[in-house]
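S.K.: Let me begin by handing over the structure; questions about it come next.
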C-alpha cells in the first residue's frame with residue numbers, strides 16, 4: 001500500500017514539475033509565442049514548424065492547443081490555419097519524452113537548489129529560470145521514482161495480473177494509456193510512467209508503445225474541454241486534434257510488433273526506445289497529414305461543420 005501511495009506521490013511530483021517548467025518558459029516568452037501562432041501560420045507547413053517550436057519551448061502540446069483554441073475563440077486565428085499548429089504540437093511534445101531519458105541524477109540536487117534560489121528573486125527573467133530549473137529537478141526525481149517503484153508494485157498479486165494483461169493484450173494497453181492520460185491530463189506523464197515500468201522490465205516494449213499510442217488519444221481531452229463555449233471554429237480545432245490522433249493510432253496499431261523491432265535497433269535502453277518510437281509515430285503521422293492538410297480540414301468541416 002505504501003508503494004502505491006508513493007507512486008501516486010511521484011505522479012503528482014511529475015505533474016507539478018511539468019507545471020513549474022511550463023510556467024517558467026511561458027512567463028519568459030508568452031507574448032512572442034502568441035505572435036508566432038497568429039502571424040507565422042499562413043500555410044500548413046509554417047503552422048507545423050511554429051507549432052513544433054512553440055510546443056518544444058512550452059514542453060506541453062496541451063498548453064499550445066489551449067492557447068490555439070483561445071486565439072480562435074478571440075477571432076485572431078481561423079480553424080484552417082490551426083491544422084498546421086495541431087500537427088506541430090504532436091511533433092513538439094516528443095521533445096520532452098526524449099529529454100527525460102537523459103541521466104542527470106547527480107545534478108538533480110544542485111539544479112533544485114539553484115532553481116529555488118532563482119525562484120525567489122524579484123527579477124522576472126531570473127524567477128522564470130528558477131521555475132524552469134525546479135521543474136526539471138522535480139521531473140527527473142519523479143522519473144527515478146517511477147523506475148524504483150515499478151518492480152515492487154509489479155510484485156503485488158493483483159498488480160501482477162494487470163501487468164501480465166498489458167503485455168498480452170495490446171488493445172488493453174492502448175485503453176490504459178487513454179484512461180490514465182484523461183485522468184492526469186498529461187501524455188508526457190503517462191509515457192514517463194510507461195518508461196519507468198519498461199526500465200524495470202515490468203512491461204515489454206510492445207505494451208509500452210501501445211500505452212504511448214493511447215496517451216496520444218487521451219491528451220485530446222484537454223483541448224476538447226477548452227473548446228467548450230469557445231465557438232464553432234474552436235470546437236472544430238478540438239475535433240481535428242481528436243481525429244488526427246485517433247486515425248494515427250488506428251493506422252499504427254497493427255504495426256506495433258514492427259515498431260518494437262525498430263525500437264530495438266534505435267537504442268539499447270528501454271525508455272530511450274519508447275521515446276524514439278514516440279518521435280517516429282508523431283513525425284510520420286503529422287507529415288503524412290501535412291501533405292493533404294486542407295483536405296483534412298474539409299473532412300473535419302463535413303463531419304462537424306453543422
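The numbers here are math on the coordinates, done by the rules we state, and not lab data. What you are looking at is a predicted structure, and each value in this text was computed from that prediction instead of being measured. Cβ atoms come from the backbone with ideal geometry, glycine included; neighbour counts cover every protein chain shown.
S.K.: How big is D for the stretch 43-109, in µm² s⁻¹ as a whole number, if Stokes-Einstein is applied with the Kirkwood radius of its Cα pairs at 37 °C and 0.692 mPa s?
M.R.: Numbers: Rh = 12.5 Å.
Translational D for this selection: 263 µm²/s.
S.K.: Here's a follow-up. So, in nm, how far is label residue 303 from label residue 104 when the simple model puts each one 7 Å beyond its Cα toward the Cβ?
M.R.: 3.8
S.K.: If you scale each eigenvalue of the Cα gyration tensor by 5 and take the root, what three semi-axes come out for the stretch 162-209, rounded to whole angstrom and sorted largest first? Kindly include the intermediate steps, with their values, before the conclusion.
M.R.: Numbers: eigenvalues 55, 33, 10 Å².
Values for the stretch 162-209, descending: 17, 13, 7 Å.
S.K.: Using helices alone, I'd like the mean residue ellipticity at 222 nm for the chain: each DSSP H run of four-plus residues gives -39500 (n - 2.57), total over residue count, nearest 500.
M.R.: Computed mean residue ellipticity for the chain: -27500 deg cm²/dmol.
S.K.: What Rg and what Dmax come out for the chain when only alpha-carbon atoms are used, in angstroms?
M.R.: Rg and Dmax of the chain, Cα atoms, are 19.2, 56 Å.
S.K.: Just 55, 19, 268 to compare: in a GNM of the chain, with alpha carbon springs under 10 Å, which one fluctuates most?
M.R.: Highest fluctuation among the options: 268.
S.K.: What distance in nm separates the two pseudo spin-label positions at residue 164 and residue 224, each 7 Å out from Cα along the beta-carbon direction?
M.R.: Taking the simple label geometry, residue 164 and residue 224 are separated by 3.3 nm.
S.K.: In a Debye calculation with equal point scatterers on the alpha-carbon sites of the stretch 189-235 and no solvent, what is log10 I(q)/I(0) at q = 0.14, 0.16, 0.20, 0.26 Å⁻¹?
M.R.: Scattering profile of the stretch 189-235, log10 relative to I(0): -0.46, -0.53, -0.64, -0.85.
S.K.: Rank-order 196-202, 289-295 by packing density, defined as the average count of other C-beta atoms within 10 Å over each peptide's residues, highest first.
M.R.: The packing order, highest mean first, is 196-202, 289-295.
S.K.: If I model a spin label at residue 19 and residue 287 as a point 7 Å from the Cα along the Cα→Cβ vector, what separation in nanometres do I get?
M.R.: Taking the simple label geometry, residue 19 and residue 287 are separated by 3.7 nm.
S.K.: Taking 41 Å as R0, compute the FRET efficiency from the Cβ-Cβ separation of residue 4 and residue 121 and round it to 0.05.
M.R.: 0.60
S.K.: Could you tell me the center-to-center distance, by alpha carbons, between the stretch 258-306 and the stretch 40-109 in angstrom?
M.R.: Centre-to-centre distance over Cα atoms comes out at 15 Å.
S.K.: Rounded to whole Å, give me the distance from the Cα center of the stretch 202-231 to that of the stretch 112-129.
M.R.: Comparing the Cα centres of the stretch 202-231 and the stretch 112-129, I get a distance of 32 Å.
S.K.: Now, a different point. Between residue 253 and residue 27, what's the calculated FRET efficiency when r is the beta-carbon distance and R0 is 30 Å? Round to 0.05.
M.R.: In this case the efficiency is close to 0.15.
S.K.: Could you list 304, 276, 241 so that the one with the fewest beta carbons within 10 Å of its beta carbon is first and the one with the most is last?
M.R.: 304, 276, 241
S.K.: Sticking with this one: For residue 12 and residue 156, calculate 0.36 nm times their separation in residues minus their Cα-Cα distance, and state this gained length in nm to one decimal. Could you put the intermediate results ahead of the total?
M.R.: Details: separation 144, 0.36 × 144 = 51.84 nm, distance 2.18 nm.
Full extension from residue 12 to residue 156 adds 49.7 nm.
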